[in-house]
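The values are calculated or read from the model by the stated rules, or taken from the named source; none is laboratory data. Predicted, not measured: the structure shown is a model, and the values here were computed from it. Cβ placement follows ideal geometry from the backbone for every residue including glycine, while neighbour counts extend to all protein chains displayed.
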Amino acid sequence: MKFLADPSLGRLAKWLRMIGCDTAYWRGEADRCFLLAAEREGRVVLTRRKDIIGRQHPGVTLFVENDRVEDQLGEVIGKLGLAPDPESFFTVCLECNVPLQRVRPDEIRDRVAEYVYRTQREFRLCPGCGRVYWPGTHRERAMETLRRILGLNAESSPGRNGSEGKRVRG
């Protein structure tokens, strides 16, 4: 399922990307162009604006009621009946929504700190913005939050499959 989040849901867009969802973030006014873009791209509209709900739109529009991003994520998953796959977690760039590519450590050596290069074995690169991701403490903290929201246990977590939690601008 693909999403288009309105300007008030930027943090939700990142968390949806974190669980592997194709989630575009609309930076302009949530107006007719916003709805047309969602229709053209086959995306579910995510909004906090009640006026958007009343507009004619042939696709699915979900009004997000909660204020806290953790609650918003649980709400979207619950209302749309999603079943996030832990193997898809951390496979989409959090910044530009492009699928990440696995890369060999020697391919990004000059783009990460020496300590990171020496201590990490798996890296992913965003072909869109050039950010480099690797498993780290950020990923583990994110996984703790996802376990709580999604009701996952530790065994449901992705293994060392290149899941990301840190990034460096390219």
Where residues in segment 85-129 are of a type in the set (F, W, Y) and over 13 Å from the mean Cα position of the chain (by Cα), which of them is nearest to A5 (Cα to Cα)?
F123
Within segment 32-54, of all residues that are over 24 Å from G81 (Cβ atoms) and charged (D, E, K, R), the one modelled with the highest pLDDT is R40
Are there any pairs, at least 6 apart or on different chains, whose C-beta atoms fall under 9 Å, with the first in segment 22-38 and of a type in the set (V, I, T) and the second in a loop (DSSP other than H, G, I, E, B), and if so, which?
T23/R43; T23/N97
Within segment 20-41, is there a residue that is β-branched (V, I, T), crowded, with 19+ Cβ neighbours inside 10 Å and under 15 Å from the mean Cα position of the chain (by Cα)?
yes
I'm checking my understanding of the structure. Among residues of segment 42-64 that are surrounded by fewer than 21 Cβ atoms within 10 Å (Cβ to Cβ) and among the polar types (S, T, N, Q), which one is farthest from M143 (Cα to Cα)?
Q56
Would you mind stating whether L62 is assigned to a strand (DSSP E or B), assigned by TED's automatic domain parsing to the domain that holds A24 and within 24 Å of L150 (Cβ to Cβ)?
yes
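Let's see how each residue does on (1) part of a loop (DSSP other than H, G, I, E, B); (2) modelled with pLDDT under 95:
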position	(1), (2)
R102	no, no
R121	yes, yes
R124	no, no
C129	yes, no
E144	no, yes
R147	no, yes
G159	yes, yes
For segment 76-91, check the following and say yes or no: at least one residue is touching a Lys or Arg at 6+ places or on another chain (Cβ under 9 Å) and outside any loop (DSSP other than H, G, I, E, B).
no
Of V92, V76, which residue is in contact with a Leu (Cβ under 7 Å, 6 or more places away or on another chain) and either of a type in the set (S, T, N, Q) or within 21 Å of T47 (Cα to Cα) (or both)?
V76
Could you check E70 against (1) farther than 17 Å from R17 by Cβ; (2) under 17 Å from the mean Cα position of the chain (by Cα); (3) acidic (D, E) and say which number it fails?
(1)
